[in-house]
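Undergrad: Just passing along the structure, written as structure tokens.
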Amino acid sequence: MSDNKRAKIAVLGSINMDLMIRSAKLPLPGETVIAETKVENPGGKGANQAVAAARMGAEVTMIGCVGDDSFAEELLQNLKAEGINTRYVTRKTDTTSGVAVVMVEMSGENAILVVPGANGLVGLAELEQARQVICESDVLLMQLEVPVETVIAAAKIAREAGVPVILDPAPAPAGFPAELLKVDLICPNQSETAALTGKSLTSLEDVMAAILALVEQGPHQILVTMADQGAVLFDGESVEIIPPFQIQAIDSTAAGDAFAAGLAVKLAEQATLREAAHFASAAGAIAASGAGAQTAMPDREQIETLITKQVQERFHE
């Protein structure tokens, strides 16, 4: 890809309004906790990744659905304000837009309840409308907050057009069709990897075994994110550990979304998987050091500054 050509990313996924609630601790089952603040912010894994990719310099098209409630127009305008093409975001009547209640405690840990709403109606009709833009993209990026059948069908469209497919398998399904993992790259976190493989992950050896199990199910390449332990990469031939960036975690809500977007953008720019993983790790670290989802998404300059800082620190060690 030439330096003056922007990466084209098609993002198929969810578009939500996030109700962010902060408290000193997350409630246990049956427990009531008095929260400190409540904020409404646009979110949804698909929209988060679209916003992140746009801020990283990509030309992004969003494919999804919103409802006919008061949130719909706000969600659309938010995407447009980020320079994202919303031509393939369909407004569904007689349904709500997706809503997520995000509970965040002071340590940065979070728990999320999602009402899919219109996200559950993203179907083959929406894909058919967006077929050309998928086929003309450099990368198709997807998650699992829209119907699995739609994700599988979109991957097939991209595969037949020779477009690389990245799947962020979140939230990890309890049971899933084998076709779901027939993609070029998946980037699960530890808990999602455990859910996909049925394996307990308590050590690096466990992660390695899980990666080998996943490879047998279809993906060509795998990146397992491990929070402050970095990430484990399988490039189709060998396994490598990608070291983490040292940051003060504030809110990990959208770190995985920033990571997935970073992967998509760099791979669309013809970077190696290792280079893309390093860039994505920096993006995820910055997102975890800020509050909220889209509000914490970094731009290209922030990511490259953090990478340069780490290189300089290691040089002087």
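The values are calculated or read from the model by the stated rules, or taken from the named source; none is laboratory data. Every value quoted in this text rests on a predicted model; they were computed, and no experiment measured them. A quick note on method: Cβ atoms are made from the backbone with ideal geometry, for glycine too, and the neighbour counts reach across all protein chains shown.
Undergrad: Determine whether residue 188 is free of Cβ contacts under 8 Å to residues at least 40 places away in the same chain and over 23 Å from residue 281 (Cβ atoms).
TA: No: the conditions fail for residue 188.
Undergrad: Just one of (1) within 30 Å of residue 129 (Cβ to Cβ); (2) touching a Gly at 6+ places or on another chain (Cβ under 7 Å); (3) β-branched (Val, Ile, Thr) trips up residue 166, so point out which.
TA: Unmet condition: (2).
Undergrad: Also: Do you know which residues across segment 273-294 are under 18 Å from residue 106 (Cβ atoms), surrounded by fewer than 22 Cβ atoms within 10 Å (Cβ to Cβ) and either in contact with a helix residue (DSSP H, G or I) (Cβ under 8 Å, 6 or more places away or on another chain) or modelled with pLDDT of 95 or more (or both)?
TA: Matches in segment 273-294: 289, 290.
Undergrad: Further, regarding this structure: So which of 216, 192 ends up being closer than 24 Å to residue 267 by Cβ, within 17 Å of the chain's Cα centre (by Cα) and among the charged types (D, E, K, R)?
TA: Selected residue: 192, the only one of 216, 192 that is closer than 24 Å to residue 267 by Cβ, within 17 Å of the chain's Cα centre (by Cα) and among the charged types (D, E, K, R).
Undergrad: Residue pairs, Cβ under 6 Å, 6 or more apart or interchain, first in segment 5-20 and more than 25 Å from residue 99 (Cβ to Cβ) and of a type in the set (Lys, Arg), second surrounded by fewer than 24 Cβ atoms within 10 Å (Cβ to Cβ) and at pLDDT 90 or above. List them.
TA: Filtered contacts from segment 5-20: 6/59; 8/59; 8/138.
Undergrad: Considering 268, 227, which residue is within 16 Å of the chain's Cα centre (by Cα), buried (at least 24 other Cβ atoms within 10 Å of the Cβ) and not β-branched (Val, Ile, Thr)?
TA: Exactly one residue qualifies, and that residue is 268.
Undergrad: Within segment 1-29, can you find the residues that are assigned to a loop (DSSP other than H, G, I, E, B) and at pLDDT 95 or above?
TA: Passing the criteria: 7, 13, 14, 15.
Undergrad: While we're on this one: Taking the condition of being more than 15 Å from residue 221 (Cα to Cα), of a type outside the set (Ser, Thr, Tyr) and in a helix (DSSP H, G or I), how many residues in segment 197-210 meet it?
TA: 3
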